[in-house]
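Written out below as structure tokens is the structure these notes cover.
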Amino acid sequence: MNKQNELMHYTQMFFGDYLATQKGLSVNTTKTYRDSLKLFLKFIAIKEKKPIAKITLNDLDVESVILPF
């Protein structure tokens, strides 16, 4: 599995299996998580200067999540 597919695989597992099935969260809660992830991926795409579809797990690091203010 290449890095792009790996990120998509884990994302789908998180939304389809973990949040919905294992945690039993509501549709609205799942949508809120989805929307937050979309914003984060847009931020990473701008930071890495690449389309969202080209983001891999290697593009996600601690510095991207915890920004010094």
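Brief remarks on what is shown
- Within segment 25-36, none of the residues are outside any helix (DSSP H, G or I), in contact with an Asp or Glu (Cβ under 9 Å, 6 or more places away or on another chain) and hydroxyl-bearing (Ser, Thr, Tyr).
- Sub-6 Å Cβ pairs linking a first residue in segment 14-32 that is without any contact (Cβ under 8 Å) to a residue 24 or more places away in the chain to a second residue that is of a type outside the set (A, V, I, L, M, F, W, C), at least 6 apart or interchain, are Leu19/Thr30, ordered by first then second residue.
- Flag not set for Lys23, criterion: modelled with pLDDT of 85 or more and at positive phi.
- Residue-level analysis places Lys42 outside the set of residues that are over 21 Å from Asn5 (Cα atoms), part of a helix (DSSP H, G or I) and out of contact with any helix residue (DSSP H, G or I) (no Cβ under 6 Å at 6 or more places or on another chain).
- Hits in segment 33-69 - residues which are surrounded by 12 or more Cβ atoms within 10 Å (Cβ to Cβ), small (Gly, Ala, Ser) and free of Cβ contacts under 8 Å to residues at least 12 places away in the same chain: Ala45
The values are calculated or read from the model by the stated rules, or taken from the named source; none is laboratory data. Model, not experiment: these values are computed from the prediction. Please note: Cβ atoms are built from the backbone with ideal geometry, for glycine as well, and neighbour counts cover all protein chains shown.
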